[in-house]
Each structure stands twice: as structure tokens, then as C-alpha cells.
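Structure first, then comments.
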Amino acid sequence: MKNKVRVTVDDPFWNERIAIVQEQMLPFQWKVLNDKEPGAPKSGVIQNFKIAAGEAEGEFYGMVFQDTDLYKWLEAVAYSLKIKPNKQLEEWAEEAIRLIAAAQLEDGYVNTYFQVKVPQYRWTDFSDNHELYTAGHLIEAGVAYYEATGNQTIYHVIKKLGDCLINKFGYGKGQALPGHPEIELALLRLYKLTDEQKYLDLAKYFVLERGKTPNFFIEESKERRAKGIPSWLDINYNDGFVEPVKDDEEDVSYFVASQQLVEQSVVEGHAVRAGYLYSALAELAALENDQALKEAALRLWDNATTKQLYVTGGIGATNTNEGFTHDYDLPNESNYCETCAGISLIFWAKRMMYLDAGSVYAEIIEKTLYNNTLGSMSLDGKSFYYRNELERWGSKVKKAGRPKWHACACCPPNLARLLLSLDEYIYHVKETASVLYVDQFIGSKVSAEIAGKPFVLEQKAGFPWNGTVQLLINTAPKAAISLAIRLPEWSTTFSIKLNGKLLYEGIDFTINKGYLLIFRQWKAGDTVDFGLDMTPKWIFAHPLVKYDAGKAAITRGPLVYCLEEEDNGNHLWQLSVPVSAEFSEEFTEELGGVVKVSCAGHRDQAYSHALYTYTPHTHKPAKLTAVPFYSRYNRSIGEMQVWTRVSEQ
């Protein structure tokens, strides 16, 4: 199945970050995977593969899903090579592929944890053992690398692995559902690559069987415990001891399995698992044109983004389940907002764009990309957040910096593969309409096939610092088509010109579901100039969000801002601002070049040393200075907060 949209990114803001991933992150991560990076925690990944391939001796090291660190790195390298050749990266990738192929068993199975450490427990615990999740990441990496390079070795590896799963699972075969979804997305991707129906059918099985009664995860847990078979958690953390069968039923909402997906209305469970699963749900609904699946995807999307989404685009309110709790429960200090969860939301949003019309999906991609996701990486690309809190103070401040690596290192390579595939999120084309959608304002060139004819457009954008966007048509079909340009909800005003002439709504364009549509017969040389309002604004949470009551956050264009102790002193909760305060803006080379936003406010002062007093506290004037949330903790370690108290005066 051919991709009808080809995009090359060329953007001042994103070029720098893509280069950091290519030149800093990928070589750094390869060193980490080989245990050759000083100061980084041991990874053991490459050594695990060497042991599994019979090229080294030793014991397995790491988590049950340790292999996926290599697979996500390999997928990121594939996207990097697609952008530009790099002999060193390609040599490393070829060595990784050689090891993977050497470790793969004759039946297609490959998983170093179970091949090296506990081969007797292969396929015995689908709830916790991550075998299908790990297989999914290998398939995704393999598809990406084959598409980028045509490498036949990795193609045969993933085909062999995919067929291993086909032979083992599905209707009329062994029953299995992944505790951690991912394989669904991988199988859909393998189906699109090969056009072989069997991969689509198995993906459907994994999506549609989830949550049925009797519940697979409850029954599997009972059977496994009754037989005394340990999970990887029992082996690693409980000396292999298996807890007895529980009288009460297990809470399977963690696995996003309390109901079948077609019946769910409220997002649940582990946020990354949910994001991957709901992504597959949306993609399957679009592929199959299934109304019931579409309605479920729309319901769940609405709940996730209108009741359980952070202002930074993060999802996951608690570390208890690393995921969702209940509507409007959005604490700022104890939140989770895992980097991988934000990435999974971007995956989900992308698939929703093909399922349903409307700019809300591109809006969420923008919000999550520029804030929760981008901010998980330090500006130099050498350290990374796993979770992304919106507030830090007190004893937690000393641990506020980004670690160099993580024992559970799922997030850094996931971030790398997202940023290097940025080209996939800027435009999209609907198969059923002659429309090119401009979803993100990122400098780029797009070549699209619309109504069977080529349409080539170049975009220049000043994001995220100014709201100027220019679209230049290079090649256009003779037939009339629509150019749909997203109108962001954060821009209260806009202007649009065609070849220097101001356009007017209802005469020259229409606005539909958040997109500005210009329908005409385009010609080479046509230029559209689009201007957006980047004035700083307060954003307020719904009154049912307890943690943000009486507070507001500063935004500017797509960016959410935060206060840091570096600019504002400590005890940030003492600061308050009149909602009518005027903002001032200053571009500074600090933090890699950002626009700082300031306003006049107040700082509370104690009336006395008493812990409690009957006399109201006084306050003194204070200047508040905010920086983009993504740039936090790149200068010093101190207090930080996104939400600040506001008053009417």
C-alpha cells in the first residue's frame, strides 16, 4: 500500500531538534545499549542478544521488555536514514539486525529474556510478560527499516515473527491477549506493507476479543497461579514465589479490559497501554469502515481529551497505575504524564484524523508535541524525563532534573522515533475527497497525490515564536481541489492572503470543523500567507478540576509556560496575578532561544511569625517571568509550577 503523501521537514525550530536526535541521541543510545556510555546505568541489551545468538556467555540483564530499547532505537535510525544517509548509523543498525536475526529461533520466536533466562516459561503469562508487546516493537522497527532501506534480512525476520504469531494465536487457535498492547499496531503496519489479510485478521482478534466475558486476564491469572507458574515479576522481585489464587476478581481495568472496546465510554488503566490500544481501535475502525468501532473511538477520545487531559498534552494522573483515574482528577505535583503516554496520544490523534473530520486531533498533536513530549528531553539531548510533572517544590526539587538514562528506558528511544518521524504529522489527505490538510505549521515540502494527480507545496513557518505561515504551490493538478489549513483555537484573530490579496470568509474561503478551506484550481507560483495571533493568554481549567481552582496558566501560541525559581525566587505558590495584568514579551538567546513572558503580580507576605492568624496577610509587588514548559530545568534545579493563582484585580 503506497503512501500518497511524502514530506521533507526543513524548519528552523525543528531542524535543530532533529539534528540533536540524529547526532547526539542515537549515537548516545547506541553506546548505552552496548554498555559503553560512562555514567549511564547498565543496559545489557546488546549483550543479551549476543548471549541469545550463542556469541557470548552470561546471564540476561534487565527488564522483561529490555529488547524493545533496541527495537525503538532501530526504528528511529530507519527514520533518520530516510531523512539523510549516515554510514555510521547504518553500520550500527546492520549489526543490530544481524544479532536479531542470529538470535531468532527457527519458528520465528525472538525474545532474549525467555531465550536466555527462562525458556521454560515462554508464552505462559500474557498479562505481564510482554512477549507480544516486545514482538510488536520488533515488527514496527522492521517495517520502518525495510521501507527506508530495503534491507531483506530485517524483512524476513519480521515476516517470520509475524507468521509465528499467526500460527500460534487467533480464532480457532491458542487464546491470548497482550497485557500491554502494541502488537495490534505492528500487525496493522505489517498488513499495510505486505497486503496479507492474515495480519489484519490477527490484529482484529486482539482488539475485538479484549474485555469479553469470561475475562481473559482474570482466567489466565487463576490458571497460572493454580499451576504455580511465575510471572517475570515473581521471578525478578519475589524470588519466583507465586501468590495463590485470589478469591476476589482482579481489577482488569489496568489492562484496559473491564469491557469490550465497543462498550467502553471512559478511558481506563495504564495510559501507554490505553493509548496504543485506542490507536489500534481507531485505525481498525477506519480500515474496516466499522461504525461501532468508530463510535467507540469517538467516545473514548472525547473522554480522554475533555476530562482527563493535562494542559500540557500529557495523560496519566497517578503513578499508582501509571495512568487514568477518574474525570477531572488532574493533580499537578503527583501526576505521571509519562513521556510514552504523550507519544501514544499523538499516535492515537493521528489515526483519528483519518477516521473523523475536525481539527481537534491536530490540535492535540500540537499541544502534546510542543509541551509534554518535547519537554521530556533536555535541550542538549543528553538526559530525559520518564514522567512530566507540572509542579515541583520542597523535598522533591532535588530530584527534579532529567536523568541521563533509566532502568526502565522505554521513553528515550520512543521519543527519538517520534521526532524523526515528524514528517508524518504535518499533512494528511483524505482518500474520499480532493483535499490536502495542513495540520501543523512546520517548515516543510509536501508531495501529495490528490485525485490521482501530483500536488506539491512548500511551507515556511516561524513557529513557535511568531505566527507567520507561508504556503507556496510548486505543482498543481488542472482540476480544482481544496487546501484545508488548520485554524488553531488559541488564535483569536487571523489573516489570510492569496498572492498578496486579502481573502474573506464566505467569499474566498469557508471554515469547517476548525479548518479554513480554499477551493480553487491552483497553479504553480500561487502563494498563501497565513497570519496567526501569538499574543500571550491565560488558560483556565474546568471548575471541576480541584487542583487548578482559582488558578490559570500562561500560554503563547502552542506553548504552555511555567514559572521557575531561576526567574522568580522560591515559594512560587506565594505569587498571584490579576487576571487583567498585561503581558510583556522578550526574545532571549537563553535556553536555546525562547520568548519569555512577564507580567506584574504580587507576592504574599506573612502578617506575623504565627502559623495561623486572624489578620489577612499582606502582599508586595512582584514581577512574574515565565518560560516555555518544554525548556524547564535546563538552567538550574529549583521550584517550578505551571498553574498560578489569579485574582479579579
query: Here are some residues: 254, 276, 310. Which one is within 27 Å of residue 203 (Cβ to Cβ), in contact with a helix residue (DSSP H, G or I) (Cβ under 9 Å, 6 or more places away or on another chain) and surrounded by 22 or more Cβ atoms within 10 Å (Cβ to Cβ)?
result: 276
statement: Reported set for region 299-324 where residues are farther than 22 Å from residue 282 by Cα, without any contact (Cβ under 8 Å) to a residue 60 or more places away in the chain and assigned to a loop (DSSP other than H, G, I, E, B) is 317, 320, 322
message: Looking at region 502-528, I want the residues that are free of Cβ contacts under 8 Å to residues at least 60 places away in the same chain and among the acidic types (Asp, Glu) and have a partner that is surrounded by fewer than 14 Cβ atoms within 10 Å (Cβ to Cβ) and outside any strand (DSSP E or B) with Cβ atoms under 9 Å, at least 6 apart or on another chain. Which pairs are those?
response: 526/499
- prompt: part of a loop (DSSP other than H, G, I, E, B), over 16 Å from residue 641 (Cα atoms), touching a strand residue (DSSP E or B) at 6+ places or on another chain (Cβ under 7 Å) and modelled with pLDDT of 95 or more - does that describe any residue in region 341-357?
  reply: no
query: Pairs, please: C-beta under 7 Å, at least 6 apart or cross-chain, first residue among the aliphatic types (A, V, I, L, M) and in region 457-478, second in a loop (DSSP other than H, G, I, E, B) and crowded, with 16+ Cβ neighbours inside 10 Å?
result: 461/11; 461/441; 461/442; 461/443; 469/441; 473/522; 473/526; 476/522
field: Selection from region 391-435 of residues that are outside any loop (DSSP other than H, G, I, E, B) and in contact with a Cys (Cβ under 6 Å, 6 or more places away or on another chain)
entry: 411, 414
task: Identify, by number, the condition in (1) under 18 Å from residue 188 (Cα atoms); (2) part of a loop (DSSP other than H, G, I, E, B); (3) not hydroxyl-bearing (Ser, Thr, Tyr) that residue 335 doesn't meet.
output: (1)
query: part of a loop (DSSP other than H, G, I, E, B) and open to solvent by 20 Å² or more (accessible area, probe 1.4 Å), is that true of residue 266?
result: yes
- prompt: Using beta carbons and a limit of 6 Å, which pairs, at least six apart or on different chains, have the first residue in region 89-100 and in contact (Cβ under 8 Å) with a residue 60 or more places away in the chain and within 16 Å of residue 152 (Cβ to Cβ) and the second one hydroxyl-bearing (Ser, Thr, Tyr) and open to solvent by 60 Å² or more (accessible area, probe 1.4 Å)?
  reply: 97/153
query: Given the conditions (1) farther than 18 Å from residue 413 by Cα; (2) open to solvent by less than 20 Å² (accessible area, probe 1.4 Å), which single one is not true for residue 372?
result: (1)
- request: Considering only region 12-50, state which residues are surrounded by 14 or more Cβ atoms within 10 Å (Cβ to Cβ), part of a loop (DSSP other than H, G, I, E, B) and not polar (S, T, N, Q).
  value: 35, 37, 40, 41, 44
- prompt: For residue 366, are the conditions met, namely being part of a strand (DSSP E or B), farther than 30 Å from residue 93 by Cα and either of a type in the set (D, E, K, R) or open to solvent by less than 20 Å² (accessible area, probe 1.4 Å) (or both)?
  reply: no
task: Write out, first by first residue and then by second, each pair whose Cβ atoms fall under 8 Å of each other, whose residues are 6+ apart or on separate chains, and whose first residue, in region 282-293, is surrounded by fewer than 24 Cβ atoms within 10 Å (Cβ to Cβ) while the second is aromatic (Phe, Trp, Tyr).
output: 286/354
task: Could you tell me which numbered condition residue 608 fails, if it satisfies all but one of (1) farther than 25 Å from residue 467 by Cβ; (2) of a type in the set (Gly, Ala, Ser); (3) not in a loop (DSSP other than H, G, I, E, B)?
output: (3)
- request: Return yes when residue 144 is open to solvent by less than 10 Å² (accessible area, probe 1.4 Å) and out of contact with any Gly (no Cβ under 8 Å at 6 or more places or on another chain) and no when it is not.
  value: yes
Hits in region 521-561 - residues which are more than 30 Å from residue 445 (Cβ to Cβ) and in contact with a Pro (Cβ under 8 Å, 6 or more places away or on another chain): 547, 549, 554, 561
message: Regarding region 246-256, can at least one residue be identified that is in contact with a Ser or Thr (Cβ under 7 Å, 6 or more places away or on another chain) and at pLDDT below 95?
response: yes
query: Looking at (1) crowded, with 16+ Cβ neighbours inside 10 Å; (2) more than 27 Å from the chain's Cα centre (by Cα); (3) not in a loop (DSSP other than H, G, I, E, B), can you tell me which one residue 296 breaks?
result: (2)
- request: Name every residue in region 235-275 that is among the charged types (D, E, K, R) and farther than 20 Å from residue 220 by Cα, in order of residue number.
  value: 239, 263, 268
message: Looking at region 552-602 only, could you name the residues that are under 30 Å from the mean Cα position of the chain (by Cα), crowded, with 19+ Cβ neighbours inside 10 Å and β-branched (Val, Ile, Thr)?
response: 554, 555, 560, 594, 595, 597
query: When only residues in region 348-362 that are open to solvent by 20 Å² or more (accessible area, probe 1.4 Å) and within 14 Å of the chain's Cα centre (by Cα) count, which is farthest from residue 288 (Cα to Cα)?
result: 350
message: For residue 372, only one of the following conditions fails: (1) at pLDDT 95 or above; (2) in contact with a Pro (Cβ under 9 Å, 6 or more places away or on another chain); (3) within 20 Å of residue 16 (Cα to Cα). What is its number?
response: (2)
- prompt: Would you pick out the residues in region 424-441 that are open to solvent by 30 Å² or more (accessible area, probe 1.4 Å) and closer than 16 Å to residue 346 by Cα?
  reply: 424
Residues of region 504-529 classified as open to solvent by less than 20 Å² (accessible area, probe 1.4 Å) and more than 28 Å from the chain's Cα centre (by Cα), total: 5
- prompt: Of all residues in region 530-551, which are crowded, with 21+ Cβ neighbours inside 10 Å and closer than 18 Å to residue 573 by Cα?
  reply: 548
query: Quick check, is residue 77 among the aliphatic types (A, V, I, L, M), modelled with pLDDT of 95 or more and more than 24 Å from residue 134 (Cα to Cα)?
result: no
query: Could you list, in sequence order, the residues of region 385-408 that are within 15 Å of the chain's Cα centre (by Cα) and surrounded by 22 or more Cβ atoms within 10 Å (Cβ to Cβ)?
result: 385, 388
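Matching residues to (1) over 17 Å from residue 566 (Cβ atoms); (2) surrounded by fewer than 20 Cβ atoms within 10 Å (Cβ to Cβ):
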position	(1), (2)
605	yes, yes
610	yes, yes
618	yes, yes
621	yes, yes
626	no, no
631	no, no
635	no, yes
645	yes, yes
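The values are calculated or read from the model by the stated rules, or taken from the named source; none is laboratory data. These figures come from a predicted structure and were not determined experimentally. Note that we place each Cβ from the backbone using ideal geometry, even for glycine, and neighbour counts take in every protein chain shown. Surface areas here come from the heavy atoms of the whole protein model, side chains and all, with no ligands, DNA or RNA. Shrake-Rupley method; radii C 1.70, N 1.55, O 1.52, S 1.80 Å.
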